[in-house]
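Peer 1: The structure is given below, and queries will be raised subsequently.
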Amino acid sequence: MGSIKCNWADNSRGKLPLLVSFWGNEDGGSRRRGLKVMREKIKNSWVEFNDFARKALEMGRSDPRKVIFAVKMGLALSLTSLLIFWKGSYQDFAQYSIWAILTVIVMFEFSIGATFIKGFNRGLGTLCAGILAFCFAELSVVAGKFEEVVIVISIFLTGFCASYLKLYPTMKPYEYGFRVFVLTYCILMVAGNRTREYSQAVLTRLVLIAAGAGVTLVVNICIFPIWAGESLHKLVVKNFKDLATSLEGCVNGYLKCVEYERIPSKILTYQAADDPLYNCYRSVVQSTSEEDTLLGFATWEPPHGPYRHNYPWENFVKVSGAVKHCAFTVMALHGCILSEIQAPADRRHVFSNELQKVGSEGAKVLRELGSKLEKMEKLSPGDILKNVHEAAEQLQQKIDHKSYVLVNSEGWEIGGRPMELDLEDLINAAEDENMKLGSKSLSEAVLEVRSVSVGTALCYDAKNTLRTWPSNVSANGGSMVKGDEFKTYESASALSLATFTSLLIEFVARLGNVVSSFEELSLKANFKDPPIINMPPEPCKGVPTWVV
């Protein structure tokens, strides 16, 4: 006791200040600060909990299927748990009822197709493991004193073979079945060795697993079923609508000279951002994995609703792939808005009507295809791409007529050209449409002086902040670079407009693949014919309309 007191007296000099600083000094300042920090933490935790609860309720309101799934899961578990109260002659059902409960937990998936896949894998794995366990159990009993050696060797062989085979590419859909096979086999061998009743252990577990699977299938199919095929159908329709929204937004934003004062870092790393245009085409591009998963589930589902037997689900994915092929072009169009090199607003205005028409007609085609797919209707007679092709042709003709806007025409030589030209001659030449052009079009050389002002690549962003490229070009139109360097910068800004127009025409060209894929799907899926619209008869010439 004396040595303890001495040690405490020696160490208290160094430890007492720490204790005082922790619990607070005499005036209680540290204690008040500690209580304040604790109150702030409790307040922040309460705010986070309220935010979590609000988001959880919003998730249930936005998708009621999630609430239905949770209710069905609880119902299936409650029904299976009744085996715990089994009072029959066979008490092993109550003792090993956890196998049925585990089967419900493992098999019960959100969609019917996923439940069938899990059920098939678990049933096949359990059956194969039960048969193999029964054979090795009988062999271990015959082995006598080498029983433990046989069990250990059999477990090694089973684990090795199952783990190696599941790595084979074609066995990927059955990976869960291999896991269930190894797990069931090991448990059966261990339990059988402990009770010395291998046959009874195997039979009891197979019956309980079958009971859990039966409850799962009945509850999941008969009570508000959730079909993976229907989810795949809605996802492809959503891709059409999202891509149409992104296309219109990109064209309108480019023509309005909407630019980013600073590109969001999340866009640069291909993550979620607040930009609706970015989120729309990003959801289309990133839907591949979800579509492949839903396709695998849908092929296992029985016929239901409008989806008959052997429904061509793979064609839905093919149509969505054609939509993604167009989405990559829209992504590039958005990249033109995000680029550092921008064309002046007056140059964009030259092609504004044609660009606007191509964008609106392209979005109209996408929405029409999405609506037809949602209603499961075939395309109406006629060419759905007629208007968008005409708009693209008009844009191409405008480019051919005013291609000098897209390049630096001062350095554009076809052959020898006059050395000295008057500005009046250039303007007069621009007005003379019938003159024969020699080495170079004089109207191209004038660069539409009256309508297009050739200057630095200036544009205004959403906050009306002047933006220039390159950085050494002053905001008032003056330039610190001279001669050929300035012309190079000017040409680069004009070519950005050429990039945008060419990408828009490429988008129209890719729309043909989408229409072809949709028509193939409509034939294989046997979509219904479009409604016939009876047009009023045209009045005969020379006869009053009221007579007709």
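The values are calculated or read from the model by the stated rules, or taken from the named source; none is laboratory data. Keep in mind that what you see is a predicted model, and the values were worked out from it rather than measured. Backbone-built Cβ (ideal geometry, glycine too); neighbour counts: all protein chains shown. The accessibility values were calculated without ligands, DNA or RNA, using every heavy atom of the protein model including side chains. Shrake-Rupley method; radii C 1.70, N 1.55, O 1.52, S 1.80 Å.
Peer 1: Mind ranking 186, 250, 222, 135 by accessible surface for me, highest first, 1.4 Å probe?
Peer 2: Details: 186 40, 250 0, 222 100, 135 75 Å².
Solvent-accessible surface, decreasing: 222, 135, 186, 250.
Peer 1: Multiply the residue separation of residue 394 and residue 70 by 0.36 nm, subtract the distance between their alpha-carbon atoms, and state the gained length in nm to one decimal.
Peer 2: On the way: separation 324, 0.36 × 324 = 116.64 nm, distance 5.54 nm.
Gain on extension, residue 394 to residue 70, equals 111.1 nm.
Peer 1: Let me ask something else about it. Please turn the phi angles of the stretch 37-51 into ³J(HN,Hα) values with the Karplus equation 6.51 cos²θ - 1.76 cosθ + 1.60 (θ = phi - 60°), one per residue in order, whole Hz, x for glycine and proline.
Peer 2: So the J values, rounded to whole Hz, are 5, 5, 4, 5, 5, 5, 5, 5, 5, 5, 5, 5, 5, 5, 5.
Peer 1: Further question on the same structure: Ranked from highest to lowest mean number of other Cβ atoms within 10 Å per residue, what is the order of the peptides 39-47, 328-336?
Peer 2: On the way: 39-47: 10.0, 328-336: 20.6.
The peptides rank, most packed first, as 328-336, 39-47.
Peer 1: Here is a further query. Checking the table 238/364; 324/402; 324/375; 55/172 against a 26 Å threshold on Cα-Cα, which pairs fail?
Peer 2: Working: 238/364 15 Å; 324/402 32 Å; 324/375 21 Å; 55/172 36 Å.
From 238/364; 324/402; 324/375; 55/172, over 26 Å: 324/402; 55/172.
Peer 1: Would you kindly derive the ³J(HN,Hα) couplings of the stretch 206-221 from the backbone phi angles with the Karplus curve 6.51 cos²θ - 1.76 cosθ + 1.60 (θ = phi - 60°), listing them in order in whole Hz, with x for Gly and Pro?
Peer 2: With the stated coefficients, the stretch 206-221 comes to 5, 5, 5, 5, 4, 5, x, 5, x, 4, 4, 5, 5, 5, 6, 8 Hz.
Peer 1: How much length would be gained if the chain were fully extended between residue 165 and residue 146, taking 0.36 nm per residue of separation minus their Cα-Cα distance, in nm to one decimal?
Peer 2: Numbers: separation 19, 0.36 × 19 = 6.84 nm, distance 2.86 nm.
Once the chain is fully extended between residue 165 and residue 146, it gains 4.0 nm.
Peer 1: At a 1.4 Å probe radius, which order do 347, 54, 65, 510 fall into by accessible area, largest first? Intermediate values should be presented prior to the final figure.
Peer 2: On the way: 347 10, 54 140, 65 85, 510 50 Å².
Of 347, 54, 65, 510, the descending order of accessible area is 54, 65, 510, 347.
Peer 1: What are the ³J(HN,Hα) couplings of the stretch 222-239, residue after residue, when phi is run through the Karplus curve with 6.51, -1.76, 1.60 and θ = phi - 60°? Round to Hz, x for glycine and proline.
Peer 2: 7, 10, 6, x, 10, 9, 5, x, 5, 5, 5, 4, 5, 5, 5, 4, 5, 4
Peer 1: Then there's this: Starting from 0.36 nm per residue, how many nanometres of slack lie between residue 285 and residue 33 once their C-alpha separation is accounted for?
Peer 2: In short, 85.6 nm is gained.
Peer 1: Highest first, please rank the peptides 304-317, 365-378 by the mean number of other Cβ atoms sitting within 10 Å of their residues. Please list the in-between numbers first.
Peer 2: Numbers: 304-317: 15.5, 365-378: 18.2.
Highest-to-lowest ranking by the protection proxy: 365-378, 304-317.
Peer 1: Could you put 297, 146, 156 in order of accessible surface area, largest first, with the 1.4 Å probe and the full protein assembly present? Show your work: numbers first, answer last.
Peer 2: Working: 297 55, 146 115, 156 135 Å².
Of 297, 146, 156, the descending order of accessible area is 156, 146, 297.
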